[in-house]
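Just below is one structure, and these are the notes that go with it.
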Amino acid sequence: MPPTKLCRGLVAAVASGILCIVTARAQAVVKFPDRVFDIRQFGAKMVAAKFLYDTEPIQKAIDACAAAGGGTVVIPKGNWLTGPLYLRSNVRLELQRGAELAATTEEALFLKTPANAAWAANNYVATINIADAENVAVVGEGRIDGQGAVWWEKWRATTRATGKRPGANRPRLVYIARSHNVLFQGVSFYNSPSYHLVFKDCEHVTVDHIKITALAHSPNTDAIDPIDTRDMVITNNTIDCGDDVVAIKSSHVDPKHPGAASGNITIANNTVLKGRGISIGSETIGGVSHVLVENNTTNDAMYGIRIKTPRNRGGEVTDIVYRNNRMINVETPLVFSTYYETMPVDDAEVQRRLAGGGFVLNDQIYPDDRDPAQPYVENQTPDVHDVTVDGLTATGADRVGIIVGLPERPIRGLTLKNVSIQAAEPLRVRHATVLTEGVKLQVTKGPAATAEAGAKTTGL
């Protein structure tokens, strides 16, 4: 449960007792003056039932708070309908118990313009936008609802009409860019049009004791996406979504962080329901390193832990540790793959692609193990190495998992230690070196593991 009181002073935003390798500097440290700005004082009237917006008075409260040197903007109990909002440095947005901030579904309000381009993620801005800011928090016991179903149906209609998935060019629920010392705590987030919380080029971020919920069939509703982001902790959250639970990405080579544009990230003590795994990728161009995934429990999800990065958008992924995680009825607990290609919508095309071999895993398609090597290209070819899974139990799985590298750059230094998985189908290994210690795979159909081209396994 989130704390009943969220202090307005100094916040050390990681719960005590978490065993992690991330130093204290990784978490957000935020501090706000005692000033309080109630949105009702700026004209907010809770007129959602009349289909009118409270966007302007809420934004006035935010701007007044920032102009005064910071403080807390209070959204009290009630239903508040809004368009995009823009938080500023030194502003703490508090949604009190019983407060619901609902996003309008009026597309025109979210479109990117010259005036809001600094906040835009793609062709749209989000419901909550933070850019080029520091010392910002979104806290409380209320909820923010993106009302994404309208957007999801548009996505499906386009897919049906064109035969191609149109991607995630829709509003995010929350988008944070080029900011540091940012805290999210206690609030519940629902039904984003696309990704829920996206952090782009941020540092010192804490996401703690929040809840993220979207239907399992909702397209591209990632829960938390750190992109080119460093020094972050994601702890004690409950996540139930239609896509990646977490997706750590690196979109470009960062000269300020040449080793890894994304790194020093801990994901611990979270409860996961539906979703597509605690993931790294797909794009890892500028590198990802120093990631700890620890003490998480996953139930009924499609994937458990996953690295998924493709040719042309790959980079170095290294120093990744998964420790003491538990999975129940997860379809595929382990997915480590340097192929990442979405299956065609057309069934005939899928069958044509599979005619010479290969396989499908959910909506991803893989070539057979005769796929020829291609030239290695730095910051384009995936390079996954030195990954450790230490302490994992999984029951009720459809398959143990896949470990599939590239012929030109196999996955290497992957260690499975103290791993126990009960599954119907075996572990599939290709172009990868896998070291094992204390691994127990109980498989009902076939051997514990199958080795394809380039597989080097010890102890399986």
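Each reported figure results from applying straightforward, stated rules to the coordinates on display, with no laboratory input. Because the structure is predicted, anything quoted here is derived from the model rather than measured. Cβ: placed from backbone, ideal geometry, glycine included. Neighbour counts: every protein chain shown.
The figures follow:
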{"item": "Amide H contacts of Leu85 (H built 1.01 Å from N, under 5 Å, at least 5 apart or other chain)", "result": "Ile128, Asn129"}
{"item": "Taking Thr388, Thr444 and counting other C-beta atoms within 10 Å, the order from fewest to most", "result": "Thr444, Thr388"}
{"item": "Degrees separating the helix 55-67 axis from the principal Cα axis of the chain, which is the longest one", "result": "80"}
{"item": "Listed residue (Thr436, Pro84, Thr266) projecting farthest to the positive dipole end of the chain, Cβ model", "result": "Pro84"}
{"item": "Cα gyration tensor category, rounded, prolate or oblate, for region 244-460 with a/c compared to 1.5", "result": "rounded"}
{"item": "Under the Karplus curve 6.51 cos²θ - 1.76 cosθ + 1.60, θ = phi - 60°, whole-Hz ³J(HN,Hα) for region 327-343, x wherever Gly or Pro sits", "result": "9, 10, 6, 8, 4, 9, x, 10, 9, 10, 9, 9, 10, 8, 9, 6, 5"}
{"item": "Long-range amide H partners of Gln374 with built H, under 5 Å", "result": "Glu408"}
{"item": "Label-point gap, in nm, between Ala424 and Thr393 - each point 7 angstrom along Cα→Cβ", "result": "2.4"}
{"item": "Contour minus Cα-Cα distance for Asn123 and Gln374 (0.36 nm per residue)", "result": "86.9 nm"}
{"item": "For His257, net neighbour charge (Lys/Arg +1, Asp/Glu -1) across residues whose Cβ lies under 13 Å away", "result": "-4"}
{"item": "At R0 = 25 Å, FRET efficiency that the Cβ-Cβ distance of Ala216 and Asn169 yields, to 0.05", "result": "0.70"}
{"item": "Rg/Rg_ref, the chain, where Rg_ref = 2.2 N^0.38 Å and atoms are Cα", "result": "0.98"}
{"item": "Table column - 3J(HN,Hα) (Hz), region 109-120, Karplus curve with 6.51, -1.76, 1.60, x for Gly and Pro", "result": "5, 9, 5, 5, 9, x, 6, 10, 4, 5, 9, 6"}
{"item": "Cut-off 12 Å between beta-carbons: net charge of the residues surrounding Gly459, Lys and Arg +1, Asp and Glu -1", "result": "+2"}
{"item": "Those lysines that a straight Cα-Cα span of less than 23 Å connects to Lys60, excepting residues fewer than 8 apart in one chain", "result": "Lys31, Lys45, Lys50, Lys77, Lys112"}
{"item": "Residue exposure sequence - Ile227, Ile267 - by fewest surrounding Cβ within 10 Å", "result": "Ile227, Ile267"}
{"item": "In degrees, nearest ten, helix 149-162 long axis to first principal axis of the chain (Cα)", "result": "40"}
{"item": "Shape call, region 387-460: gyration tensor on alpha carbons, a/c limit 1.5", "result": "oblate"}
{"item": "Beta bridge orientation in region 191-288: antiparallel %, DSSP, nearest 5", "result": "5"}
{"item": "Cut-off 17 Å, label 7 Å out along Cα→Cβ of Thr342, residues of region 161-190 by amide N", "result": "161-172"}
{"item": "Antiparallel content of DSSP bridges confined to region 363-457, in %, to 5", "result": "0"}
{"item": "Fraction of beta bridges assigned by DSSP in the chain that are antiparallel (%, nearest 5)", "result": "5"}
{"item": "Additional length obtainable on full extension of the chain from Val150 to Lys256, 0.36 nm per residue less Cα span", "result": "34.1 nm"}
{"item": "Charge sum, other residues only, whose C-beta stays under 11 Å from Gly446's C-beta, Lys/Arg counted +1 and Asp/Glu -1", "result": "+2"}
{"item": "Cα-based reach from Lys417 at 29 Å (exclusive), listing lysines while leaving out same-chain residues under 8 positions away", "result": "Lys249, Lys274, Lys308, Lys440, Lys445, Lys456"}
